[in-house]
Amino acid sequence: MTDMTPQQQQILLSLDLTISETDILHWLALDTPEQLSDEQLLAVLMVTNACYRAGFPLITDAVYDHQYLAQLQARDPQHAFLLQVEPEVASAKTVALPQKMLSTDKAYSFSEIQKWIERLRKAAADIELSEEDILIRVTPKLDGYAAFDDGQGLYTRGDGVRGQDVSRAFTRGMQVAMKGERGLGPGEIVISKSYFAEKLSEQFENSRNIQAAIIAEKNVEPSVKQAIDDGACVFFPFALLPNWTGHFAAVLTDFDDIIEPIWSSVDVDIDGVILETTHPELKSAMGATRHHHRWQIAFKVNDESAEVEVVSVTPQTSRTGRISPVAELVPTKLSGATISRATVHHYNMVRTNGVGPGAIVQLVRSGLVIPKIEQVLHAVTPQIPEQCPSCDTHLLWEADHLICPNKTDCPAQTENTLVHFFKTLGNNDGFGPKVIAKLLQQGVKHIHSIYALSQDDLLAYGFGEKTTFNLLEQLTVSRSVAVEDWRFLAAFGVSRLGGGNCEKLLQHHTLTELFTLDVATMVTIDGFAEVSAQAIVEGLANIKDEFFKVYNLGFNLALTPKLADGAGGDSILFGKQIVFTGSMTSGSRSDMEKSAKLLGAKIGKSVSSKTTFLVTGEKVGTNKINAAKDKGVTVLTESQYLELVD
């Protein structure tokens, strides 16, 4: 590792230690923690623990436990750091937790589990509890963000006694896993592994970044909010975890068979299994240290790792336009498989960590999962492409990622571009992924080419007569049914031009005028920084030819009112944020939102302290209404709202 990431640097600063980034990196690079002084070792533990809990780990959990924490235990078993819950970095005021939340003691071998069970049996004998009553519950150990839900608020674990109130996560729409109820006590904020791999792995280096983002004080990124709305980010109470519960003797005789299905019992990251006794009196007798409950233990498996040389870094264009770096490696045997390539997450990691030919990296393969580069042990001059490997278009930086802005003619993006257009347009059916894939096989690669298809073309491509008739009818519908001009523009998938930004631009300029704007003009519009403006201007230039071929087909576009025309300026709704909820009787919620926008309102999807009005239709729960009132939001029935705007 050559440098800390900006996030890790900020965490180091927040700890207020009299050490520098250079110090930490130097100490981590030493052959063994035995070379560190007591003060240096403690600093390393504090920094690496804080980075891990914030979602930006410097080292693996296993390295932390087996090397650095074990070194402190060997030097001073009663050190205060070992006897307390390893704290999170507090970025806001803390509050007392409804009950203590302790860490979990860890075991890395079956012999340690045997010793723990012996301690259970001894404690049972001391209180004259029959061994037949010693039952053990085994659950997955979630690798998420520990929190406590008392039904009124959600709190981070903090130092085990005081944490931060992050109830905003539920306000943003986060649900309880397994369709559970609120108020089930301790658990963890987690994200679906499959969802992360499919939707977010190119944007975020690991799922802990997402977990931290869900509870952040600032507004969450659109992709994280979408994950919350899709039910992929949830609070998983420990009480609802799938489990095996049985007699301790079975654990001793069938340990592997018991824990194996637990590893794959949930679609979230786990880093071990938890074993705990279920008997209340035995729990009380076992008690706890200041650090962990004695009646509970986590069994973890070491990640298998190897030091591997990088041969080259190959850029690959994804269907979303992101350029993914793939490290080609000297073939290495790891966990019984020969590994010759691994992802490097994103190109900022390549750039900041010096990944290129000759670099030495630590490759980790935990269990049977896909191998990943854990850290760079020897950095070199990185390989950073300038052109898209699929279409040779000049690449743009967008946060940590390199992006190909060529949405219309990049072969790697073509299918996604076509599917995105019809999905975003949203006023017709028929042109889903299967139809688009079939058209691509026939060489139909552009939006305007789809609109030029004839009945004979579609029949020749293998579509049936009825399907052909329906597809042609849907193309006609998509041009004749009214669609907002901002939605039409967003359908072309230009980087940083989602619906919100499209609408902002079109409040100042017409659709055709946007293609003549330069960066200097765009940054004068509220909400557009220079980096975003540069990406948008270049992105519009790339789609210009295709855009006008489609635009000239004569779509029925509803124009966005111009702010310069005073749209909504005299309305009572102008500048107000409104949330519509429930079933409306005077029209669809979508129609009411459109009408409110024309009057200058801002439409929200969930209630926050910035919301002015919550407009309620039918079947709205009292909890939602009361929660809005608690935030100072004015709650209006549908009829009251209509009277207000008449």
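Every number here is computed from the coordinates shown, using simple stated rules; none is lab data. Computed from a prediction, not measured in an experiment: that's the story for all the values here. Quick reminder, even Gly has a Cβ in these numbers, built from the backbone with ideal geometry, and neighbours come from all protein chains shown.
Cβ distances below 4.7 Å define possible disulfide partners, and in the chain the cysteines left without one are 51, 233, 502. Counting other Cβ atoms within 10 Å as a rough exposure proxy, the listed residues 515, 238 run 515, 238 from fewest neighbours to most. Projected label points at residue 619 and residue 515, each 7 Å from Cα along the beta carbon direction, are separated by 4.5 nanometres. The lysines whose alpha-carbon is closer than 16 Å to the alpha-carbon of residue 549, local same-chain residues fewer than 8 away aside, are 407, 445. Peptides 477-490, 137-150 ranked from most to least packed by the mean count of surrounding Cβ atoms within 10 Å: 137-150, 477-490.
Using 27 Å as the Cα-Cα cut-off, could you pick out the over-long pairs in 423/504; 434/466; 179/423? Pairs exceeding the cut-off: 179/423. Close amide H contacts of residue 106 (hydrogens built in the peptide plane, cut-off under 5 Å, sequence separation of 5 or more or a different chain): 298. In the calculated pair-distance distribution of segment 94-299, the portion above 29 angstrom amounts to 29 percent of the Cα-Cα pairs. Note on the chain: semi-axes of the ellipsoid equivalent to its C-alpha gyration tensor, largest first and rounded to whole Å, are 48, 32, 25. Listed peptides 389-397, 40-48 appear in the order 40-48, 389-397 once ranked by packing, highest mean of other Cβ atoms within 10 Å at the front.
How many percent of Cα pairs in segment 6-83 exceed 15 Å?
Result: 52 percent of Cα pairs exceed 15 Å.
In sequence order, segment 146-162 has phi-based couplings of 5, 7, 10, 10, 9, x, 9, x, 10, 10, 6, 5, x, 9, x, 10, 10 Hz under the Karplus curve 6.51 cos²θ - 1.76 cosθ + 1.60, θ = phi - 60°, and Gly or Pro positions carry x. Note on segment 133-183 and segment 477-551: Cα centroid distance 42 Å, given to the nearest whole angstrom. Sequence-ordered 3J(HN,Hα) estimates for segment 447-452 from the Karplus curve with 6.51, -1.76 and 1.60 and θ = phi - 60° stand at 4, 5, 5, 5, 6, 8 Hz, glycine and proline given as x. In summary, the aspartates and glutamates within cross-link reach of residue 605, defined as a Cα separation below 15 angstrom excluding same-chain residues under 8 places away, comprise 221, 229, 230, 591, 593. Please compute one quarter of the surface area of the Cα convex hull for segment 414-558 and express it in square nanometres. Spelled out: convex hull of the Cα atoms, projected over all directions, averaged, 8.2 nm². Annotation: amide H of residue 615 within the under-5 Å range of 579, 580, 581, 636, sequence separation 5 or more or interchain, hydrogens built in the peptide plane.
Among the lysines of segment 58-168, pairs at least eight places apart or on separate chains and with Cα atoms under 25 Å apart come to 5. Scalar couplings 3J(HN,Hα) for segment 242-248, obtained by applying the Karplus form with A = 6.51, B = -1.76, C = 1.60 to θ = phi - 60°, are x, 8, 10, 10, x, 6, 4 Hz; x denotes Gly and Pro. Per-peptide packing, taken as the mean over residues of other Cβ atoms within 10 Å, places 533-544, 250-261, 110-121 in the sequence 533-544, 110-121, 250-261 from highest down.
Against the chain, whose longest principal axis is taken from its Cα atoms, helix 589-598 shows a tilt of about 70°.
In summary, the aspartates and glutamates within cross-link reach of residue 333, defined as a Cα separation below 15 angstrom excluding same-chain residues under 8 places away, comprise 303, 304, 307, 309.
Ranked by how many other Cβ atoms sit within 10 Å of their own Cβ, fewest first, the residues 53, 351 fall in the order 351, 53. On a 0 to 90 degree scale, rounded to 10, what angle separates helix 38-54 from the longest Cα axis of the chain? The angle comes out near 40 degrees.
A cut-off of 5 Å between modelled amide H atoms, ignoring neighbours fewer than 5 places along the same chain, links residue 288 with 294.
The calculated 222 nm mean residue ellipticity attributable to helices in the chain amounts to -10000 deg cm²/dmol, summing -39500 (n - 2.57) over DSSP H runs of n ≥ 4 and dividing by all residues.
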